[in-house]
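Coordinate-derived values only; no laboratory data. Here the structure is a predicted model, which means the values were calculated and not measured. Ideal geometry is used to build each Cβ from the backbone, glycine not excepted, and the neighbour counts take in all protein chains shown.
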Amino acid sequence: MVDAAALPYRLNVGAALFNAQGLVFVAERKDHPGAWQMPQGGIDKGEDPASAVLRELEEEIGTAQAEILGEHADWLHYDLPPHLVGVAWHGKYRGQEQKWFALRYTGSDADIRLDADPHPEFVAWRWVELAQLPALAVEFKRPIYEVLARDFAAYAQP
């Protein structure tokens with residue numbers, strides 16, 4: 001049994017990517033059918049969060065055609081459920097501490113390629129209303145998506 005409280009959080013960035021209609025991008029996880037999330041990923045050593053979020057977009061959805069509109073004032077965190085502690089990320093972390101960014105997508109839907117990475121994380125994607133995010137998220141990420149649905153509402157405009 002791993003003591004989650006003894007483990008650190010993994011530093012991470014997240015992208016709330018808004019299209020011209022004010023809808024936000026979500027993708028269905030390959031390893032968890034029915035679980036939808038926004039792009040997110042780890043921050044490399046020495047990398048600043050703004051650079052990391054654009055890199056993660058490129059890696060996860062095949063394009064970084066976006067401009068940063070703003071960032072959440074706080075670092076948000078979540079804990080993994082007990083059955084994933086000691087398993088996810090090779091057992092090194094208890095969860096993630098995330099810096100979230102709001103971005104405006106400047107590309108076209110045709111530019112989004114979930115298969116751009118040799119090991120894709122997602123199998124499907126769509127644009128949704130920001131308020132739908134919490135209902136689409138896995139339970140342990142839902143509190144963060146509730147915060148983002150509230151605090152990024154100003155970016156969900158056409």
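A few points about this structure:
- Arg113, Arg142 arranged by Cβ crowding within 10 Å, fewest neighbours leading: Arg113, Arg142
- Lysine pair count for the chain with Cα-Cα distance under 20 Å and sequence separation of 8 or more or different chains is 5.
- Under 12 Å, Cβ to Cβ, from Leu80 - net charge with Lys/Arg +1 and Asp/Glu -1: +2
- With neighbours defined as other Cβ atoms within 10 Å of a residue's Cβ, the residues Val147, Val13, Val26 order from fewest to most as Val147, Val26, Val13.
- Integer Hz, Karplus 6.51/-1.76/1.60 couplings in order for region 46-59, x for Gly and Pro: x, 8, 7, x, 5, 5, 4, 5, 5, 5, 4, 4, 4, 5
- Computed over region 35-97, the ratio Rg/Rh where both radii use C-alpha atoms and Rh is Kirkwood: 0.99
- Of all DSSP beta bridges in region 8-155, antiparallel share, percent nearest 5: 70 percent
- Ranked from largest, the principal axis spans of the Cα set of region 8-155 equal 40, 34, 34 Å.
- Dipole of the chain, positive direction: furthest Cα of Phe152, Pro81, Ala27, with charges on the beta-carbon: Pro81
- Put a plus charge on the Cβ of each Lys and Arg, a minus charge on the Cβ of each Asp and Glu, and nothing anywhere else: the dipole of the chain about its Cα centre is then about 260 debye.
- Candidates Leu136, Leu17, Leu69: whichever shows maximal mean-square fluctuation once the chain is modelled as a Gaussian network with Cα springs under 10 Å: Leu69
- Potential extension, Trp75-Asp109 segment - 0.36 nm per residue separation minus Cα distance: 9.3 nm
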